[in-house]
Amino acid sequence: MIRSTVLPTLVVLVSLTGMTNAQLLDRVKTTDGRSTRGTVVRMSSTEVVVRDKADQDETISVNRIDTIVFASEPRLLTQTRTRMGNQRFEDALTVLGKMNEKAMSRNFIKQDVQFYRALCQARLALFGRGKLSVAGKAMHRFAGDAGNRDSYHYFEATRVLGELLAASGQHAKAIDYFGRLIEAPWPEYQMRGRVLSARALMAQRKYEEAVRQLDQVLAATEEGDEAERRRMTARLDKAVCLAEMEKADEGIQLINEVLPQIGLDERELRARAFRARGLCYLKKDQKKDALLDFLHVDLLYNSVPEIHAEVLFRLSKLWPAVGKGSRAREAAKQLKERYPNSRWAKE
């Protein structure tokens, strides 16, 4: 009788012990779905070193890291990541506000809290639902802190800070931050940095310089889905440059070559494609064709705030050309309600 009681108890204790040991380990999840458990012993902007229970070190490149869950982090931090993954940035900020950074024992965890707080503010601002100046200051505090130069979030922080500067019209400063991505050791980061730099140049009407950046992206030999997406994006942005350089027909041809290659589930790319072709048609004064492409984005691919806000602005100007004044007012109203702080709502 005693034996039958003791054995299940031992099983439970062993199970709980194993679970506790697992919980005491950091977990690094990589972009290919793998997880590495151990203790993060060193970190830089380019790599993270994880030591396992056998005292063996594994170095993981930052460009392969999806997330790091630290053993002693508060549960609220896990909730924050979940909310951010679901685009619930206001909710994530609320959760972050409940955390006491002074009570956190590891600097890595404090860095995560600081970065996620700044990132949530940045996402809301870039979506037109928050103040760019406030978000910019928060992200600058993180990226500008010498103690965070060795955070695995560093390159993402500099990219987002560049995007905030560009959105606020400070394009030359934005290019400086995008240049740090170009200097990163990974081709996919370099390609993204060049695309973002090209957009900042386009905003300054420096189309030839922008095309030179985009052509370097198109010439990159990096393989893989992410690299191919960067090349497609570069082609679409180049098409807009060509239109602004009085070569709208070449731009439309380029988009028509790319569009069939973009999967129906690639919502951002398809939004960029129809927006780009709409802009090309506008340069040719083909208002009805432009309207149809912008309408495609509004009805089918409206999940990318920066693109959708611009499209709503364009539609508010184009609907009257086809005798649809009420649709124009509807688009303008939607723009101000959904993206009140967007530059397009202030045009």
**OP:** Would you be able to say whether some residue in the range 132-152 is of a type outside the set (D, E, K, R), modelled with pLDDT of 95 or more, buried (at least 19 other Cβ atoms within 10 Å of the Cβ) and touching a Gly at 6+ places or on another chain (Cβ under 7 Å)?
**Re:** no
**OP:** State whether one or more residues within the range 105-126 are surrounded by 19 or more Cβ atoms within 10 Å (Cβ to Cβ), over 24 Å from Ala309 (Cα atoms), of a type in the set (Asp, Glu) and under 17 Å from the mean Cα position of the chain (by Cα).
**Re:** yes
Original post:
With the range 35-98 as the region, which strands (runs of 3 or more DSSP E) entirely inside it contain at least 1 residues that are in contact (Cβ under 8 Å) with a residue 40 or more places away in the chain and of a type in the set (Gly, Ala, Ser)?
Top reply: 57-61
Subject >> Filtered residues of the range 237-265 (kept if of a type in the set (Asp, Glu), surrounded by fewer than 16 Cβ atoms within 10 Å (Cβ to Cβ) and either modelled with pLDDT under 95 or closer than 21 Å to His308 by Cα (or both)) >> reply: Asp265
Subject >> In the range 212-236, residue modelled with the highest pLDDT [restricted to those that are among the β-branched types (Val, Ile, Thr) and out of contact with any Leu (no Cβ under 9 Å at 6 or more places or on another chain)] >> reply: Val217
Original post:
All but one of (1) of a type outside the set (D, E, K, R); (2) assigned to a loop (DSSP other than H, G, I, E, B); (3) touching a Cys at 6+ places or on another chain (Cβ under 9 Å) hold for Val211; which doesn't?
Top reply: (2)
Original post:
Of all residues in the range 268-290, which are farther than 14 Å from Leu236 by Cα, of a type in the set (D, E, K, R) and either in contact (Cβ under 8 Å) with a residue 12 or more places away in the chain or in contact with a helix residue (DSSP H, G or I) (Cβ under 7 Å, 6 or more places away or on another chain) (or both)?
Top reply: Lys283, Lys284, Lys287, Lys288, Asp289
Original post:
Of Ser168, Ser197, which residue is modelled with pLDDT of 95 or more and either in contact with a Gly (Cβ under 8 Å, 6 or more places away or on another chain) or closer than 24 Å to Gln114 by Cα (or both)?
Top reply: Ser197
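The values are calculated or read from the model by the stated rules, or taken from the named source; none is laboratory data. What you see is a predicted model, and the numbers here were worked out from it, not measured in a lab. Counting neighbours? That spans all protein chains shown, and the Cβs are built from the backbone with ideal geometry, glycine included.
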